[in-house]
Structure formats: C-alpha cells, structure tokens
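For reference, the structure is listed below as structure tokens.
No lab work stands behind these numbers, since they all come straight from the coordinates. As the structure is a prediction and not an experimental result, all values here were calculated from the model. All Cβ positions, glycine included, derive from the backbone under ideal geometry; neighbour counts span all protein chains shown.
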Amino acid sequence: MLKIQQLTKNFGQKTVLNKISFSIDKGRIVGLVGENGAGKSTLLSILATLQQPTDGTISLNDQQYSDHLREIRKQIGFVPQDIAIWDELTVEENMIFFEKLSWVKRSKDELRQLCLNMKLEHWKEPVKILSGGMKRKLNLAISLIHHPQVLLLDEPTVGIDLKSRTEIGSYLHELASTEEKIIIYTSHDMDEITSLCDYVFCLGDDPFYEDYLTSAGKEIITF
C-alpha cells in the first residue's frame, strides 16, 4: 500500500499541495486530474523522490520514505511527460543502456520481451525513426526494467495515436491485475481516465473535472 498523510508542498509563499491524504492498494490504477498548475506533476515528482515535501509523510508497505529512501527508489518507476530516451540509439541499445543503470539485471531476451509485451517490435531500428507512440512505449518499457511496484505516469500517451494509446492502456491493466502494481496516471483526456482508472483524484478548484467524472459514474476523491 502507498500511503500519504497530510502532504504539503510550498514554493516560497505559494502552497501547491495542501495537507493531502490518501492511500492506494496494490493492483489499482488511479487517475490524477486537474487544471494546469494544480500540482499533478509536483505530486508525482514527490512520490518519485525527485522532490521533497514541505510537510507530511509518505510510506510504501509501511516503510517511510524519509527512513528508507534508497529502498523506496528501487520500487518506483517514473515516466515523465518528456520522452527520456536516446534518439541515435536503437530500441535494443536503449534498453541495454538503461538496464546497466538499473538495480535489477535483465537478460537481452527479457528486455526484448518487455517491449513485445506492449507491442513494440522495432528492436533493431534507431529510435529517431519511430513514431511518437513507439517512443512512448519504449519510455514505459525502460521504466519497468527494475520491476517497480509503483508506476508513476505523467501524461504517458500525450500526442500519440489511438491504437498506441489503447495498447498502452491494455498493458497497464495487465500489470495492475497480474503483477499487482500500483499505478498513478495523469492525463487531460477524460475518456482515457474514465476507461483506464479504478478511481480518480481531483486536484485544484476547477469543478469541470469533478462534474465530468461524476456524470460518467466514476468514483472521485477531491483535494
């Protein structure tokens, strides 16, 4: 279980996240929505240990982030909005490069299977010639090399075709159900959120998201 208690983040005099508390069980996909500036990316960065909260506590399986930071990092996979891969390398070379940086060692066959699982079959092709959807799939595959328990996805399908988006969504459902991963997913596509996520966290004051998701019959939690 991922548990957040009274989480607060200030930037100078501005409070971006104010005493947020929630918990997420294993095997759940949770949406994170809100207007620009509501704090979605900030929250993901804190959960990914890339930023420190101003106040509050976070724990994963009863291990406090503050006391077990190194172990927590080994259990987190983070896919930022910007694609973070090497364009001049092939898919194979990218996977091997990032495997060498991983805490978990994987064979070349295992790395290729990670790509095949989400229908990324372009193993020998340089990344620069791939479509946006294929690049997004590679970014996701890299984040899974070390078997993370928590997967944090910040707009992972922005700007890609419907087929790739659907394939990524299907694979995330499989990860949650068969490997019991905790997945937190941000998107501005409300149809994607309603179809993919078990329930949704709404950040900020804009009532649009709460109204839309309520009318769609989605369980929501507002902050």
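Odds and ends about this structure:
- Annotation: amide H-H contacts under 5 Å for Thr222 (H modelled 1.01 Å from N, sequence separation of 5 or more, or interchain): Cys202.
- Linear extension gain, Thr166 paired with Gln5, 0.36 nm per residue minus alpha-carbon span: 54.6 nm
- Whole-Hz ³J(HN,Hα) from phi, Karplus 6.51 cos²θ - 1.76 cosθ + 1.60, for the stretch 116-124, glycine and proline x: 5, 4, 10, 6, 9, 9, 7, 7, 9
- Dipole check for the stretch 179-223: with +1 at the C-beta of Lys and Arg, -1 at the C-beta of Asp and Glu, and the Cα centre as origin, the magnitude is about 60 Debye.
- Amide H contacts of Gly56 (H built 1.01 Å from N, in plane; Pro and chain starts excluded): Thr8 sit under 5 Å, all sequence-distant by 5 or more or on other chains.
- Karplus-derived 3J(HN,Hα) values for the stretch 74-88, using 6.51 cos²θ - 1.76 cosθ + 1.60 with θ = phi - 60°, are 5, 9, 10, x, 10, 10, x, 4, 7, 6, 10, 9, 8, 5, 7 Hz; glycine and proline are entered as x.
- Antiparallel bridge percentage (DSSP; both residues within the chain; nearest 5): 45
- With θ taken as phi - 60° and the Karplus curve 6.51 cos²θ - 1.76 cosθ + 1.60 applied, the whole-hertz 3J(HN,Hα) list for the stretch 37-44 is x, 6, x, 4, 5, 5, 4, 5 Hz, x standing for glycine and proline.
- Among Lys100, Lys40, Lys74, the residue with the largest mean-square fluctuation in a Gaussian network model of the chain, with springs joining Cα atoms closer than 10 Å, is Lys100.
- Taking amide H atoms as placed 1.01 Å from N in the peptide plane, the amide H of Phe78 lies under 5 Å from those of Leu152, each 5 or more residues away in sequence or on another chain.
- Each helix, a run of at least 4 DSSP H residues, gives -39500 (n - 2.57); summed and divided by the residues of the chain, these come to -10500 deg cm²/dmol at 222 nm.
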